[in-house]
2 protein chains.
Amino acid sequence: MADSNKIFTAAAGSNIAFIKYWGRRDDALNLPANSSISMTLDSAVSTRTSVAFSRKLDRDRLYINGEEEQLDGSANEKTVFMKRILDHVRSVAKAKEHVLIVSENSFPSSAGMASSASGAAALVTALDAALGMGMDERGKSILTRQISGSACRSVQGGFVKWNRGVEKDGADSYAVQVADERHWPELMDIIAVVDASKKRVSSSEGHSSTPKTSPLYAARPAFAERGVGVVEKALVARDFQTLAEAIMRDSNNMHATMLDTWKPIMYLNDKSREIMYAVEDLNSRKRGYVAAYTFDAGPNAHLITTREHRKEVLGAIDAVSGISRVIESGVGAGPELLGEAEALIDAAGLGPKRPPRKA
Amino acid sequence: MADSNKIFTAAAGSNIAFIKYWGRRDDALNLPANSSISMTLDSAVSTRTSVAFSRKLDRDRLYINGEEEQLDGSANEKTVFMKRILDHVRSVAKAKEHVLIVSENSFPSSAGMASSASGAAALVTALDAALGMGMDERGKSILTRQISGSACRSVQGGFVKWNRGVEKDGADSYAVQVADERHWPELMDIIAVVDASKKRVSSSEGHSSTPKTSPLYAARPAFAERGVGVVEKALVARDFQTLAEAIMRDSNNMHATMLDTWKPIMYLNDKSREIMYAVEDLNSRKRGYVAAYTFDAGPNAHLITTREHRKEVLGAIDAVSGISRVIESGVGAGPELLGEAEALIDAAGLGPKRPPRKA
């Protein structure tokens, strides 16, 4: 069934959560303890993924940023889920061919930024096209969630809510769009990339260990659920004051439950804190919120602001040493199918021997 | 009534909490939300305080480490409480004279370590002697608590529990000895002093703001109360394994509620975290706990260990750069009255004009 002479390419943006997902209620299905809400990022923080099913392939092959990765999870446990998804879609689409997956991020690997959200959303979009499955947004979101939880929010553009759901099989745990990318185009994310040492605890491990070992965590799901309601209303009303405080408090709350985990998980470093203080000071000088900081499972600061305050925010972090790169992103649209290319696997240089740089 | 020609000197050790006090249920009386338990430190981390009441003094005078401090709280809000305590004891003892207080720490001011615990305990001990009040341990502990909460545990030696109490006036909120300093003399505290920037939020402010603004804090008092029970049993049984894990988890739990406070309170820095990881790695190599880290309201690491593992602990933190000083303390005895000196204020050079270096 698979279209064996075609390459299907899709691009998807990452997302930054305003109310975070931290802690699973089901490890195998990536079912979250609480709902979350995010802004989809644009092409500045995106992944482009090409897939081709072909009988000429001797096995499934995966290249991320030019490096071959094993699908047995030896490099990265997300590839285990990817393999599971591949087997699932092949079985649904009755495809027997092996697949070549070539994935490239729009930002350098050295930026130390997670690409699982944009990568998983782009992959599912490309697979859907390649196998002609015609999945709806809900189906794509659920499949993406199973590769990487937060990634399910990247299947939509604009502002996206991932409802925790109540079903045991996760059938109602998927992302829905709250408002599209044209609703509040002035909003932006200024990402201050700071040097990070290797994580001692992966986020996947933390999603499991925090709920089990943090005595404080019990209060988080209800707090986050309320936060999702507050942020959704603030987004609809374009109320930056309410939005900013909710974003910062939720980030701190999540990192607090991480620190309370045994053993403790600590992603913020001195640079993260310096940036937090710089934002506090800027807001204090302006006598109102003009920026909000938020941190995922790492020390990079995401500074949510509006275009009119962009220069002030850049000025505020200018004095912080140790920021290795600044990436600016607006509100992104959902995944985009970039068209299909008629190309033989051999002709495209995508044969099993030579790892390609570009799709 | 005050013995106007005599100088009374007392020394008291600081203390390191194994289960921390963080969060008040009453701001004015320094009544804690939960009980706490600590080890009293020895002369390495202590304060020596001399007091003299004399009609020759034109006003109350306070010198800390050779610097005059105003009792109006302009330098330090603890001096407001000190002034209140002075007025209280003078009224009880029917003394009318002004007082000269000269306080010196055994560790340099530049170490950035809190001296309020040892300072308050030494002051109350010296005042009690100078005014011939004959206070019992409970009375001294309650008075000390009102200057600085955790200080009330320094009125006893060895291992000390501060019961939160239930009375509104704090009459049952004071420290009792669990075991004296001879019970487990092998235990020690290796303090790694790291450079700290000025605190953005004082601990006194945090004791008030955390309970009011942290959604996670609600779970802390019960967790800490259980921890006090666990630590008390472990101390009685000299069970280092149980003690070590309880100490580390409580420290992380307290700092997590700080981070969850609005605005966030962050005392740990990259050096603190490096030391935590060094302790994790050491314990992991030894396949059991040989040391526990704990942090008060600042980045200095207190490493609780036993004398047999002292060298391993020093070795483990040797690789951490940015430790400016290491102070070692054993289990300390309670406050000691160092005797009274017959000395005219004038003769001792303690007149109102020249700030003295030594009592």
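Between segment A:161-198 and segment B:157-191, how many Å separate their Cα centres?
48
So, with +1 on the Cβ of K and R and -1 on the Cβ of D and E, and no other charges, what is the size of the charge dipole of segment A:7-340 about its Cα centre, to the nearest 20 debye?
On the way: 41 positive and 42 negative charges, 100 e Å.
Result for segment A:7-340 is approximately 480 debye, rounded to the nearest 20.
If one takes the longest principal axis of the Cα atoms in chain B, at what angle in degrees, from 0 to 90 and to the nearest 10, does the Cα axis of helix B:220-236 lie?
Once rounded, one gets 90 degrees.
Counting pairs of alpha carbon atoms under 8 Å apart in space and at least six apart in sequence, what relative contact order in percent does chain A give?
On the way: 816 pairs, mean separation 95.1, N = 359.
For chain A, the relative contact order is 26 percent.
Shortest first, in nm, what separates the label point of B:ARG307 from those of the same position in the other copies (7 Å along Cα→Cβ)?
Between copies, matching label points for B:ARG307 lie 7.1 nm apart.
Any idea which of A:SER209, B:THR47, A:ALA278 is furthest toward the positive side of the dipole for the protein assembly as shown, if Lys and Arg beta-carbons carry +1 and Asp and Glu beta-carbons -1?
Selected residue: A:SER209.
How many nanometers, to one decimal and shortest first, lie between the label point of B:GLU67 and those of its other copies, if labels sit 7 Å from Cα toward Cβ?
Going from nearest to farthest copy, the values are 5.1 nm.
So for the pair A:ASP72, B:ALA237, with labels modelled 7 Å out along Cα→Cβ, what separation do we get in nm?
4.4
Using just the helices of chain B, give the 222 nm mean residue ellipticity in deg cm²/dmol: DSSP H runs with n ≥ 4 each add -39,500 (n - 2.57), and the total is spread over all residues, rounded to 500. It would help to have the intermediate numbers written out before the result.
On the way: 8 runs with 116 residues, N = 359.
For chain B, the value works out to -10500 deg cm²/dmol.
In nm, to one decimal, how far is the B:LYS286 label point from the A:LYS286 one, both placed 7 Å along Cα→Cβ?
5.0
Could you check the simple spin-label distance between B:ARG59 and A:ALA341, using points 7 Å along Cα→Cβ, in nm with one decimal?
Taking the two extended label points, one gets 8.3 nm.
Are any of the pairs A:LYS233/A:LYS311; A:LYS161/A:LYS198; B:LYS6/B:LYS96 more than 25 Å apart by Cα-Cα distance, and if so, which?
On the way: A:LYS233/A:LYS311 27 Å; A:LYS161/A:LYS198 30 Å; B:LYS6/B:LYS96 15 Å.
Violating the 25 Å limit, Cα to Cα: A:LYS233/A:LYS311; A:LYS161/A:LYS198.
Going by a ≥ b ≥ c, the root eigenvalues of the Cα gyration tensor, does segment B:69-158 fall in the rounded group (a/c under 1.5), the prolate group (a/b larger than b/c) or the oblate group? Write down the numbers at each step before the final one.
Working: a/c = 1.78, a/b = 1.23, b/c = 1.44.
Since a/c reaches 1.5 but b/c is at least a/b, the shape of segment B:69-158 is classed as oblate.
Tell me, what is the percent relative contact order of segment A:105-193, built from C-alpha pairs under 8 Å that lie six or more residues apart?
Working: 111 pairs, mean separation 20.3, N = 89.
With pairs under 8 Å counted, the relative contact order is 23 percent.
Please report how far the C-alpha centroid of segment B:225-257 lies from that of segment B:6-25, rounded to the nearest whole angstrom.
Segment B:225-257 and segment B:6-25 have Cα centres separated by 19 Å.
Put a label point 7 Å from Cα along the Cβ direction on B:HIS183, then list its distances to the equivalent points in the other copies in nm, shortest first.
For B:HIS183, the other copies' label points sit at 5.9 nm, shortest first.
Using unit Cβ charges (K, R positive; D, E negative) and no other charged atoms, how large, in debye to the nearest 20, is the dipole of segment B:98-199 about its Cα centre? Please list the in-between numbers first.
Working: 10 positive and 12 negative charges, 69 e Å.
Dipole size: approximately 320 debye.
Pop the C-beta distance of B:TRP262 and A:ASP169 into the FRET formula with R0 = 35 Å and round what comes out to the nearest 0.05. Don't skip to the end; give the middle numbers.
Numbers: r = 38 Å, r/R0 = 1.08.
Working from the Cβ atoms, E equals 0.40.
Assuming a ≥ b ≥ c are the square roots of the Cα gyration tensor eigenvalues, decide whether the protein assembly as shown counts as rounded (a/c under 1.5), prolate (otherwise, with a/b larger than b/c) or oblate. Could you put the intermediate results ahead of the total?
On the way: a/c = 2.80, a/b = 2.37, b/c = 1.18.
The shape class here is prolate.
Where both residues lie in chain A, what percent of DSSP beta bridges are antiparallel, nearest 5?
Looking only at bridges with both residues in chain A, the antiparallel portion is about 95 percent.
Set the Förster distance to 41 Å, then compute FRET efficiency between B:LEU314 and A:ASP26 from the Cβ-Cβ distance, nearest 0.05.
Values: r = 45 Å, r/R0 = 1.11.
Calculated value: 0.35.
Considering the alpha-carbon set of segment A:7-340 alone, what are its Rg and its Dmax in angstrom?
Rg, Dmax (Cα atoms, Å): 19.2, 64.
Taken together, the values in this text are just the output of simple stated rules run on the coordinates, not laboratory data. Predicted, not measured: the structure shown is a model, and the values here were computed from it. Here the Cβ is made from the backbone with ideal geometry for all residues, glycine too, and neighbour counts use every protein chain on show.
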